[in-house]
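A.B. asks: Dumping the structure here so I can ask a few things about it.
The values are calculated or read from the model by the stated rules, or taken from the named source; none is laboratory data. Computed from a predicted model, the values in this text were never measured in an experiment. Cβ coordinates were reconstructed from backbone atoms using ideal geometry, including for glycine residues, and neighbour counts include every protein chain displayed.
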Amino acid sequence: MQALIDAVIIPMEAAMNSVGIQGDFWKKMLSRSKEASQGDLALPCFPFAKQLGCSPDAAAQQIANALELDVGEAVAVGPYVNIRASMDWLVTQLSKTPESKGSILIEHTSANPNGPFHVGRARNAVLGDTFVRMYRAAGYDVTSEYYVDDMGKQVGILCWALENLDEDQVHNLLAEGEIPIEESPHSAKEDHARVLWYQAANLLKAKDSAVDAGVTELVQKSEEADEDILARFEAAYQPVLDGMLVTLGRMGIAFDSFTKESKFIVDGSVEILMDQLQSSELHGVAENGAHYLELESKGVKGKSTQFYYRRGDGSSLYATRDLAYHQHKWTRSVRLLNILGEDHKLQSKQVCIALDELDIKSPEVVFYAFTKLADGKMSTRRGNVVFMDDLLDEAQSRALETVREIRADLPEEKLMKISEAVGVSATRFNIARISPEKGITFRWADALSLEADSAPFIMYSHARACSIQRKAGEVDLSVGLDVTGLSGTAADLIRRMAYMNDELQSAIDSAAPHNFCAWLSALAVDYNRFYRDNYVIEEGVVNVQNLILSELARDHLRRGCEAVGIIPIEEM
């Protein structure tokens, strides 16, 4: 509603002055009406009663009488001034596209390249890409980035396993550990193949200390920027990362840039930052020679008040390299946004305090709650996961059954294309439409829902608008939209569409992509109600005004779909 608020501020100031209300505190009180039937904006008038020496109801009436609007009408209802935008003003909003805004670098996903994407990891990727899409749709210049953990313990285990275990050993270890080797259409993908080595090495490490010692040696050398070790690590993880990116690509998720963690060891920037931290008033040295920042004075409580950034042997830690990474990111964008799991809250707070000590600005962060199986948390190491490749296959299969029943007239190739789009979109939307701070318990029925308030319902609405456009053929729409006397579901549809840019920006500002998902679902409902009540084509005759409205809805549905990762196919 920001566009409407901006449009009424000046006349509202004049009205306030004319009735004798001092100050501009009322500007923060002007907000969206709780009920659409009450109007678009509402101003509660309880605080004005004392200034005006009357009841809140009378104050509302005085303000409404004094308010002269070009964009709608103001009505006093009890102690509220309700403002409803006119159809003429709403129509002017339909053709507005978001203004070009500044740059933002969004880092998301950044999963360890040690195995296929599973459902637990997917929430970060879906949320992150949804933010990327929403920011782009709102006019921002967005860089989507993947931070590659190319030198940590997980990669070290994978590298050690590939260099020290053969296939028979891997299969025997997995059998002993009761981790099943399940054949699937994706078994040959390197991320699926190599995760078996990773799992086997973890099982062996638990009973053979030599494995842990070997991995530790590899990781230590990687932290010393040993070129040979870093090359061996890359040879181990890159095929896995490539396989993970294929899965993400199937979901419509791509990255503009990749930054390796090792970069900041190789270029020496971590060493410089560690030296700078030693001059901090928070600096301390442990008995073993490790360096840390004492963060208790900065609000960190409990056992985690010490933020270690240099080991006793002089090497850095993952969090230290994260400091250098953020310094690097600020050279590339004026805004940074990180998408992180809720288990990173403490570390993120510690990193932000350390960044402040280095006079480096902190990033914006969105935390999300975990996706769990009904019987507990997923773990690549333990093998109790639902891989995204398998979920997407199942989503397509179930969608195909439904689509085939409805559209048996379509050729198999087209049915497969539609069902893939429906399956992917349903999977993504069922993650994006839930508030990030709410946990998700994975259930097949929920993940693949084809019911209302779902991606397929929105996709069907868009496809219906496309079908109407095809049936209407070439029609001159240059006459423009005439809103004289417009009411009912047609007016409701215009009102919904007019606030698309506001809804998008509001969802961005509040880090609430689920709110825009809800708006998109509501748009689909409004379009179907409009279509039900207003014939676009009747007995072969095209109602031009209704077709113009249908075309506007088609465009808004398409843009909304693209902003949340739904594939706006034109036929269902």
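A.B. asks: Name the strands (runs of 3 or more DSSP E) wholly inside the range 234-315 in which the number of residues that are in the same structural domain as residue 142 (by TED's automatic domain parsing) and within 30 Å of the chain's Cα centre (by Cα) is 3 or more.
C.D. replies: It comes to 257-260.
A.B. asks: Right, next: Has the range 178-194 got at least one residue that is surrounded by 16 or more Cβ atoms within 10 Å (Cβ to Cβ) and within 30 Å of residue 333 (Cβ to Cβ)?
C.D. replies: Looking for residues that are surrounded by 16 or more Cβ atoms within 10 Å (Cβ to Cβ) and within 30 Å of residue 333 (Cβ to Cβ), one finds at least one in the range 178-194, hence yes.
A.B. asks: Just give me the residues in the range 196-222 being in a helix (DSSP H, G or I) and either in contact with a Ser or Thr (Cβ under 8 Å, 6 or more places away or on another chain) or of a type in the set (D, E, K, R) (or both), in sequence order. Outline the logic, then answer.
C.D. replies: First pass over the range 196-222, keeping only residues in a helix (DSSP H, G or I): 196-205, 209-222.
Of everything in the range 196-222, those that are in a helix (DSSP H, G or I) and either in contact with a Ser or Thr (Cβ under 8 Å, 6 or more places away or on another chain) or of a type in the set (D, E, K, R) (or both) turn out to be 198, 199, 205, 212, 217, 220, 221, 222.
A.B. asks: Next question, about the same structure. Within the range 84-96, can one find any residue that is touching an Asp or Glu at 6+ places or on another chain (Cβ under 7 Å) and within 30 Å of residue 255 (Cβ to Cβ)?
C.D. replies: No; the residues of the range 84-96 include none that is touching an Asp or Glu at 6+ places or on another chain (Cβ under 7 Å) and within 30 Å of residue 255 (Cβ to Cβ).
A.B. asks: Residue 510 fails exactly one of the following numbered conditions: (1) within 22 Å of residue 91 (Cβ to Cβ); (2) among the hydroxyl-bearing types (Ser, Thr, Tyr); (3) free of Cβ contacts under 8 Å to residues at least 60 places away in the same chain. What is the number of that condition?
C.D. replies: (1)
A.B. asks: Can you pull out the residues in the range 19-50 that are part of a helix (DSSP H, G or I) and either surrounded by fewer than 14 Cβ atoms within 10 Å (Cβ to Cβ) or in contact with a Pro (Cβ under 9 Å, 6 or more places away or on another chain) (or both)?
C.D. replies: Those that are part of a helix (DSSP H, G or I) and either surrounded by fewer than 14 Cβ atoms within 10 Å (Cβ to Cβ) or in contact with a Pro (Cβ under 9 Å, 6 or more places away or on another chain) (or both): 25, 26, 27, 28, 36, 37, 48, 49, 50.
A.B. asks: Here is a further query. Identify all residues within the range 505-521 that are among the aromatic types (Phe, Trp, Tyr) and more than 14 Å from the chain's Cα centre (by Cα); write none if there are none. Explain how you work it out, then say what you get.
C.D. replies: Of the range 505-521, the ones among the aromatic types (Phe, Trp, Tyr) are 516, 519.
Once the filter is applied, which keeps residues that are among the aromatic types (Phe, Trp, Tyr) and more than 14 Å from the chain's Cα centre (by Cα), the range 505-521 yields only 519.
A.B. asks: Inspect all residues belonging to the range 432-451 and state whether any of them is among the basic types (Lys, Arg), modelled with pLDDT under 95, farther than 16 Å from residue 552 by Cβ and not in a loop (DSSP other than H, G, I, E, B).
C.D. replies: no
A.B. asks: Name the residues in the range 77-100 that are modelled with pLDDT of 95 or more and touching a strand residue (DSSP E or B) at 6+ places or on another chain (Cβ under 8 Å), would you?
C.D. replies: Selection gives 79, 80, 81, 82, 83, 84, 85, 86, 89.
A.B. asks: Of all residues in the range 500-547 being outside any helix (DSSP H, G or I) and acidic (Asp, Glu), which is surrounded by the fewest Cβ atoms within 10 Å (Cβ to Cβ)?
C.D. replies: 539
A.B. asks: Could you check residue 481 against (1) within 17 Å of residue 3 (Cβ to Cβ); (2) in a loop (DSSP other than H, G, I, E, B); (3) not basic (Lys, Arg) and say which number it fails?
C.D. replies: Just one mismatch for residue 481, condition (1).
A.B. asks: Let me spell it out: the conditions are (1) outside any loop (DSSP other than H, G, I, E, B); (2) on the phi > 0 side of the Ramachandran plot, and residue 491 meets all of them except one. Which number is the exception?
C.D. replies: (2)
A.B. asks: Within the range 349-363, track down each residue that is under 25 Å from the mean Cα position of the chain (by Cα) and surrounded by fewer than 19 Cβ atoms within 10 Å (Cβ to Cβ).
C.D. replies: If the condition is that a residue be under 25 Å from the mean Cα position of the chain (by Cα) and surrounded by fewer than 19 Cβ atoms within 10 Å (Cβ to Cβ), then 349, 352, 361, 362 are the ones that fit.
A.B. asks: Within the range 89-107, can you find the residues that are within 30 Å of residue 330 (Cβ to Cβ) and out of contact with any Leu (no Cβ under 9 Å at 6 or more places or on another chain)?
C.D. replies: 97, 99, 100, 101, 102, 103
A.B. asks: From the list 490, 498, 524, pick out the single residue that is within 23 Å of residue 428 (Cα to Cα) and either more than 15 Å from the chain's Cα centre (by Cα) or touching a residue at least 12 places away in the same chain (Cβ under 8 Å) (or both).
C.D. replies: None of the other options fit; the residue is 524.
A.B. asks: State whether the residues of the range 176-191 include one that is without any contact (Cβ under 8 Å) to a residue 12 or more places away in the chain and farther than 30 Å from residue 422 by Cα.
C.D. replies: Yes; the residues of the range 176-191 include at least one that is without any contact (Cβ under 8 Å) to a residue 12 or more places away in the chain and farther than 30 Å from residue 422 by Cα.
A.B. asks: Could you list, ordered by first residue, the pairs with Cβ atoms under 8 Å in which the first is in the range 326-339 and in the same structural domain as residue 508 (by TED's automatic domain parsing) and touching a residue at least 12 places away in the same chain (Cβ under 8 Å) and the second is part of a loop (DSSP other than H, G, I, E, B) and surrounded by 15 or more Cβ atoms within 10 Å (Cβ to Cβ), at least 6 apart or interchain?
C.D. replies: Qualifying pairs under 8 Å: none.
A.B. asks: Residue check, residue 225 against (1) within 33 Å of the chain's Cα centre (by Cα); (2) in contact (Cβ under 8 Å) with a residue 12 or more places away in the chain; (3) not in a helix (DSSP H, G or I), all met but one. Which one?
C.D. replies: With (1) within 33 Å of the chain's Cα centre (by Cα); (2) in contact (Cβ under 8 Å) with a residue 12 or more places away in the chain; (3) not in a helix (DSSP H, G or I) applied to residue 225, the lone miss is (1).
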